[in-house]
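Written out below as structure tokens is the structure these notes cover.
The values are calculated or read from the model by the stated rules, or taken from the named source; none is laboratory data. Treat the numbers as computed from the prediction; the structure is a model and nothing was measured. Virtual Cβ from ideal backbone geometry, glycine too; neighbours counted across all protein chains shown.
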Amino acid sequence: LILFTAWPPLAGGTGKDRLKARAGFGIRAGKEFSMAFVKVVRRGMLPEEWAQLRYGWVKRGIIKRKFEITGLEIRDALQTGENTYTFLSDYRPLKKGDMYFSPDGTVFIKGHGAIPEELKGKEAWFFLRTAAEMIVKIDGRYAGGIDPNRDRLLLDPWLEEGKRDFSFEIEGYNRSKPDDERNLDTMALRGCRQIFEGAYVAELNREVLSLYYDLTLLLDVACAGTFDEEYQRFVVRELNKALDLIDYDSFEGAAAASRYIEEHIYRNRDFASSGNVALVGHSHLDIAYYWRRIHVAQKNARTVLIQMRLMDRYPEFRYAHTQPYTYEQLEKYYPELFAELKDKIKEGRFEPVGAMYVEPDCNIPAAESLIRQCLYGQHYYRRAFGITVDNAWLPDVFGNSWILPQILKKSGVDYFVSNKMSTWNDTNRFPHNHFLWKGIDGSEVYACVPPTHFITWNMPSQIKENWDAYQEKEGGGQTLSMFGYGDGGSGATEEMLELMARFEKLSVMPKTQHMRADEFLHRNLKDNLGLETWDGELYLEMHRGTFTTKSDLKAYNRRLEFKLRDAELIALLRMKEGAAYPGEELRECYKMLLLNQFHDILPGSHIHPVYEDAMRDYRELESRLDALLGQEDGAAGAADALGREDPPEGAFSGGLTAGRQYFNSLNWKRESVAFIPWKDGPFVRKGERGYFCLPEGEALSAVFPGRPPVGGGDDTSWLKVEGLKAETPFYSIRFAPDGSLESLCDRKTGREWTDGGFNKLHLYQDMPGLYDAWDILPGYKDVEFPFTVEEELHLTAVDGAAAEFTVLLKTPQDKSSWRMLLRLFKDVPGIEVEHVADWNEKHRMVKAEFSCNVLSRELVCDTSAGYIRRETHKNTSWQKARFEVCHHKWCDFAERDGGVAVINEGKYGLGPEEKGFSLSLLRSTIRPDILSDMGRHDFCCLILPHQGDAVEAKINRRAYEFNVPLAPSRVKGLPFDFAPLYLQAAKLSEDGKYVIFRLGEQDGLRGQVRLPFKGVLMNLLEDVEREAEILAYKPFEILTVGMKVEDYLEKREK
Amino acid sequence: LEEYINSRIVPRIQGDGGWAEFVSYENGELALIFRGECSKCMILERCIDWISQEVKRDLGEEITVKPLPRKPFFWDN
């Protein structure tokens, strides 16, 4: 008995040898045999190895002859924008054997070729083997692309009749990161510097090429281990007989070998199979990941070009391409290709899929962001191609929020496609591939979670695996297998299509059918009464760290989501006062936010330059929004509390913003304290000096914060402090020296809220392995490191409204410092905690524990459009797997008559615990970005004990107030407020005809409101559905109401 | 040289998913720590040659580069 432990890769093998390696070639289908005491390694050659060896020889015969093109020139460049470059050299000669490309470099190559006399009347190919991504122009026209997955393009269509010479230009971008880490061959090719292997005009040996495709197909069947063992042995035996017919010097006999295969393997029907698999051509494209987004215009253009060239040669080929943003880029930077693409779309061969502007992360963006992903995506498709896409194509996102079905359904999307839950879940097998997904409000969409990866190379074994894993077999129909390389690997290849043409010859293959994505969805999901329903979020049991990694991005995203809300609303209100609505600028700003919500940007799973780009975008976006918000009266409100332009003497002198007029953009009266910047204020919050006050401001109205209560006359008698004990009108508190609360007792009810660590920081080891930025492991608590208290908690500031306590902690070896500022208030029960960290760790995570004196099994979490309840016990594997979940502005752990909420301003990771929860504050991962999260952080959260449950306590409103500061604007308000619904957004419709109010029910209530105007109800794409006077709503429903602009402008101001 | 490496070379390498850090420059030998993807690159010597050429072209100095790869724990094997 023999153990074959290793199989050497074939010398010189590129192309498909790697596929065999991946598929397990040369290894006895996972079978290991051992003798009693000694492992024996076979050194002889197995029949499949013999076939495999000769497969490599056949491959060498594909190029019949080639003629080198000499006199090439190359120029180095560095890409600085989507279509801008800094040239690093002039053109210089490029010869075979030269080194070319440099880190992150682009090259431009040009030359002249000629079709040699020997190829007259024969098919001529441009041949170039490279590890880079290249767009090739022949005589000024886009002829195709070359990369590690394709090394040639057909010259004939691009040569003028009778002309035998041609010029060519190449733009190439180096690809250090292969499109797929399972792709062993491209792993071997990766690197910043490459050796130029020469450019050629070549003739193919068509007989050898056809045989090569047969062998590729059959060796996969024979060696991948997914097919019947007898059939595998049969194929190997017959293949070797066929390969015996070839002379490997002249390649004579290739046609005879093909005939043998046809007669002895393809015609054999003794072996049967079952199954029905739909094959959809697709190329996944990360907008940023191991590359900056400036490279995506070119990656995308090359992908589109290559797929269109395949359509030229294979008219029956269909291909699905997603993300309207990428089409927008093509239209802008490659208009010639875009014009050609439009024709292919009209013909139905090139299929735009995915209604969303990009493939965003679907955990962290708030409801309005996801709505805009659909709105701007669909409106682009309508404008550019006259279509509305009925599917959401999100194969690679890291789980999907429960709020999505409603947003999709109301955006013209009936079908949802996402792969990750089927293949990435680390604990439980997601039980469906085809199902109805029921959302938080009860909306349903058809959902497809394909059984296998979204990047495949259309190998028989991959298709068989797909069918084998399909869980709705009993219901009949087809399962979905996407094929095509991704991320600049440029989709389908000629080989994938040639294999597809041979599938029906193989009796052991499931039945396959190549089709469009929408055809698959309509045929297999629409009106399918057998579908079961999944009612809940689509939680991915992996990548749980992406709720926390790169916390700056998350905080910016949250802040800008609300700032965009204010900017649109205030622009509408100014419109009422005669100003023009800056629609184009607002749309561009929104798109910049949406772009950075891409599923490898906002989650933090990218290289450092991508982070720098995103932060640059966010800074620019904030500056543009501040300019929009401050348009009417400078950087901040100009009038003081009494409406005077000049600040009064004394307290306001020199103040930048104190005492000025603000606007409450929320559609209810605020009940939280506000921090008002003022240079003489007693508190420093997030680096800015100011004071706290409880402003009186009605819904959507002007607010005049009170005078800052500073100076010796301030009454601080509301606070009593004795050592680590403090008493306020609300609480008796006993602090620990490290800033956690040992006791938090409600003075009115006598209720104690703590039961263990409460506001207690923990520093955990956080070493998830290769997927460093993505994952948190379930055992993260196993190793904990102590914080040391550098400065014990002590009172640092107090006035008539607030008191501030400070503590300074250090991590081991004093690597990081962590200052916590706890603020108590005289007039409100919230306790604000500001965290100021100088963070310099590796593989550490900080969480804040909140163990509460509360008996509950549910953690109520904000989703941004309603709340979701998560179990805190670990009864089943499903609950165990959810040891880290995503929430939005708040979470709440409560009994029937009271509990504890914690409101955040940009933290999403949350660990449900038996006695409450832990809020994830910071991580320090090193892959893909070594500097991830390093440096200074300053963020706040609010601890809010309350009576009743979260809805009765209006936690959602308090969370809005915490996240939406008063707007420095003098606009007059609206004469209506839509209470009790939440005004999620207000904007001018994209066609400029309606003022749109987006109203959300977020408290789980049912009811109706009478509209204060004659309005229309719209879908989320701003299509009018019907007139509306009374608006009936159900729990968690999102409604879009339109008011004609002329009616809006006539309405009297409040 | 340190400024040159940090401003011209490091961003290029980072743009390709790699990571380089200046350590020292003594007697014509530039020591660089390589992390991230560079730490396991099978053709790092080509990149090192490129760095030497860039330095020669832009600063006119002949240097040798001493690479100090630092693999993260998950690539230790």
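If you go through region B:6-55 and pick out every residue that is over 21 Å from A:Gln79 (Cβ atoms) and within 14 Å of chain A (Cβ to nearest Cβ), you end up with 16. Is one or more of the residues making up region A:933-952 over 26 Å from A:Val1041 (Cα atoms), within 14 Å of another protein chain (Cβ to nearest Cβ) and surrounded by fewer than 24 Cβ atoms within 10 Å (Cβ to Cβ)? Yes, region A:933-952 contains at least one residue that is over 26 Å from A:Val1041 (Cα atoms), within 14 Å of another protein chain (Cβ to nearest Cβ) and surrounded by fewer than 24 Cβ atoms within 10 Å (Cβ to Cβ). Residues that are touching a Phe, Trp or Tyr at 6+ places or on another chain (Cβ under 9 Å) and either aromatic (Phe, Trp, Tyr) or under 18 Å from A:Pro352 (Cα atoms) (or both) number at least 1 in the following helices (runs of 4 or more DSSP H) confined to region A:386-502: A:404-409. For region A:87-139, a residue qualifies if it is basic (Lys, Arg) and in contact with an Asp or Glu (Cβ under 7 Å, 6 or more places away or on another chain), and the qualifying residues are A:Arg92, A:Lys96, A:Lys110, A:Lys122, A:Arg129, A:Lys137. Considering region A:162-196 alone, what residues qualify as being modelled with pLDDT of 85 or more, assigned to a loop (DSSP other than H, G, I, E, B) and away from chain B (no Cβ under 13 Å)? Answer for region A:162-196, where residues must be modelled with pLDDT of 85 or more, assigned to a loop (DSSP other than H, G, I, E, B) and away from chain B (no Cβ under 13 Å): A:Lys163, A:Arg164.
Residue pairs whose Cβ atoms lie under 6 Å apart, separated by 6 or more positions or on different chains, with the first residue in region A:932-955 and closer than 15 Å to A:Leu859 by Cα and touching a residue at least 40 places away in the same chain (Cβ under 8 Å) and the second of a type in the set (Asp, Glu) and assigned to a loop (DSSP other than H, G, I, E, B), are A:Val951/A:Asp1003. Taking the condition within 30 Å of A:Asp600 (Cα to Cα) and assigned to a loop (DSSP other than H, G, I, E, B), does A:Leu777 pass? When the stated conditions are applied, A:Leu777 passes them.
Out of the residues in region A:90-112 that are within 11 Å of another protein chain (Cβ to nearest Cβ) and part of a loop (DSSP other than H, G, I, E, B), state the one that is nearest to B:Arg57 (Cα to Cα). Restricting to residues being within 11 Å of another protein chain (Cβ to nearest Cβ) and part of a loop (DSSP other than H, G, I, E, B), the top hit is A:Ser102. Of all the criteria given as (1) assigned to a strand (DSSP E or B); (2) within 14 Å of chain B (Cβ to nearest Cβ), the one not satisfied by A:Ala131 is (1).
Of the residues making up region A:332-349, not a single one is at pLDDT 95 or above, crowded, with 21+ Cβ neighbours inside 10 Å and in contact with an Asp or Glu (Cβ under 7 Å, 6 or more places away or on another chain).
Of the residues in region A:250-301, how many are free of Cβ contacts under 8 Å to residues at least 24 places away in the same chain and surrounded by 16 or more Cβ atoms within 10 Å (Cβ to Cβ)? Counting residues in region A:250-301 that are free of Cβ contacts under 8 Å to residues at least 24 places away in the same chain and surrounded by 16 or more Cβ atoms within 10 Å (Cβ to Cβ) gives 2.
Just one of (1) within 14 Å of chain B (Cβ to nearest Cβ); (2) in contact with a Phe, Trp or Tyr (Cβ under 7 Å, 6 or more places away or on another chain); (3) not in a loop (DSSP other than H, G, I, E, B) trips up A:Val136, so point out which. Going through (1) within 14 Å of chain B (Cβ to nearest Cβ); (2) in contact with a Phe, Trp or Tyr (Cβ under 7 Å, 6 or more places away or on another chain); (3) not in a loop (DSSP other than H, G, I, E, B) one by one, A:Val136 breaks only (1). Looking only at region A:198-249, which residues are touching a residue at least 24 places away in the same chain (Cβ under 8 Å), outside any helix (DSSP H, G or I) and either of a type in the set (Phe, Trp, Tyr) or over 21 Å from A:Ile463 (Cα atoms) (or both)? A:Gly198, A:Ala199, A:Tyr200, A:Val201, A:Ala202, A:Glu203, A:Leu204, A:Asn205, A:Phe227, A:Ile246, A:Tyr248, listed by residue number. The single condition among (1) over 24 Å from A:Asp286 (Cα atoms); (2) within 14 Å of chain B (Cβ to nearest Cβ) that A:His606 does not satisfy is (1).
Can you say whether A:Thr86 is of a type in the set (S, T, N, Q), within 13 Å of chain B (Cβ to nearest Cβ) and surrounded by 21 or more Cβ atoms within 10 Å (Cβ to Cβ), as far as the supplied structure shows? So A:Thr86 does not fit the description; no. Among the conditions (1) free of Cβ contacts under 8 Å to residues at least 24 places away in the same chain; (2) surrounded by 23 or more Cβ atoms within 10 Å (Cβ to Cβ), the only one that A:Ser605 does not satisfy is (1).
For region A:702-715, the condition of being away from chain B (no Cβ under 14 Å) and modelled with pLDDT of 95 or more holds for none of the residues. Listed by first and then second residue, the pairs linking a residue in region A:335-349 that is more than 15 Å from A:Pro324 (Cα to Cα) to a residue that is among the aliphatic types (A, V, I, L, M) and crowded, with 16+ Cβ neighbours inside 10 Å, with Cβ atoms under 7 Å apart and 6 or more places separating them unless they lie on different chains, are A:Leu337/A:Ala301; A:Leu337/A:Val304; A:Leu337/A:Leu305; A:Leu337/A:Leu330; A:Glu340/A:Met308; A:Lys344/A:Met308; A:Lys344/A:Met311; A:Arg349/A:Met311.
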